[in-house]
Amino acid sequence: MYQQAKVNEALPSQGGAINELFAQHYKASLRTAYRILRSKEDSEDAVQTAYCAGFRHLHRFRGESSFKTWITRIVVNCCLMQLRERRARPEVALDDVQSSLESRTATPETLCYFRQLQAAHTSAASKLPPDLRDVYEPCLIADIEFPTVAHQLGLTATAAKSRLFRARRKVERNLQPVVQRRAA
């Protein structure tokens with residue numbers, strides 16, 4: 001329980017009560033964060049940030065509502081802040097990578113950047129879980145028609161679209177460090 005250890009480090013003098021509150025409300029907070037962020041890693045980060053902030057400012061809790069209501073509001077606020085930060089970061093469109101590599105007017109610097117981006121893309125795609133990779137690679141890398149891929153995998157169109165969406169999000173998230181280095 002890494003998150004609980006971090007919270008205890010932040011507030012060692014109130015360990016027992018904090019452990020109890022953490023144990024009672026952590027899973028519900030994680031579910032709330034996941035519904036907003038749609039990423040396990042981002043949800044865990046947001047909840048950890050929220051609990052550290054909440055326990056640091058526990059003296060401000062007035063008891064007008066339950067602790068669960070209070071901490072849930074903090075979790076939601078942390079999630080919303082993460083979403084705002086995501087929007088502020090430059091996004092990369094995977095479709096632009098290939099077209100830019102094929103452009104004859106690109107500068108050597110641009111070509112180098114897109115080659116780095118392409119290598120990062122290949123690495124990110126290879127790290128996808130098999131159920132996501134099975135949809136991602138044929139649709140986006142091999143350019144096979146979406147209905148064909150869904151049929152070959154024995155999936156409904158909705159399930160295949162959902163997997164493709166999740167795969168794209170994971171790959172794009174893994175490309176962010178390369179994009180941010182370019183923006184800096």
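Among the GluC sites (Glu not before Pro) found in segment 34-67, those both in a DSSP coil and sparsely packed, with 10 or fewer other Cβ atoms within 10 Å of their Cβ, are Glu64. A full extension of the chain between Asp131 and Arg56 corresponds to an added length of 22.9 nm, given 0.36 nm per residue minus the alpha carbon distance.
In this structure, Ala119 and Arg31 have a Cβ-Cβ separation that, at R0 = 30 Å, corresponds to a calculated FRET efficiency of about 0.25. Please go through segment 20-54 and write out the trypsin sites (Lys or Arg not before Pro) that DSSP classes as loop and that have at most 13 other C-beta atoms within 10 Å. In loop regions of segment 20-54 (DSSP not H, G, I, E or B), the sparsely surrounded trypsin sites (Lys or Arg not before Pro) are Arg38. The fewest-to-most ranking of Ile144, Ile71 by surrounding Cβ atoms within 10 Å reads Ile144, Ile71. Each of Ser66 and Ala23 was given a label point 7 Å from its Cα along the Cα-to-Cβ line. The distance between the two points is 1.8 nm. Label point of Glu172 set 7 angstrom out along Cα-Cβ; within segment 38-74, amide nitrogens under 18 Å from it belong to 38-43.
Label-to-label distance, Glu41 versus Ile144, with points set 7 angstrom from Cα along the beta-carbon direction: 2.7 nm. Computed about the Cα centre, the dipole magnitude for segment 107-184 is approximately 380 debye when only Lys and Arg (+1) and Asp and Glu (-1) carry charge, each at its Cβ.
Every number in this text was worked out from the coordinates using simple rules, so none of it is lab data. Just so it is clear, the model here is predicted, and its values are computed rather than measured. In this analysis, Cβ positions are derived from the backbone assuming ideal geometry, glycine residues included, and neighbour counts consider all displayed protein chains.
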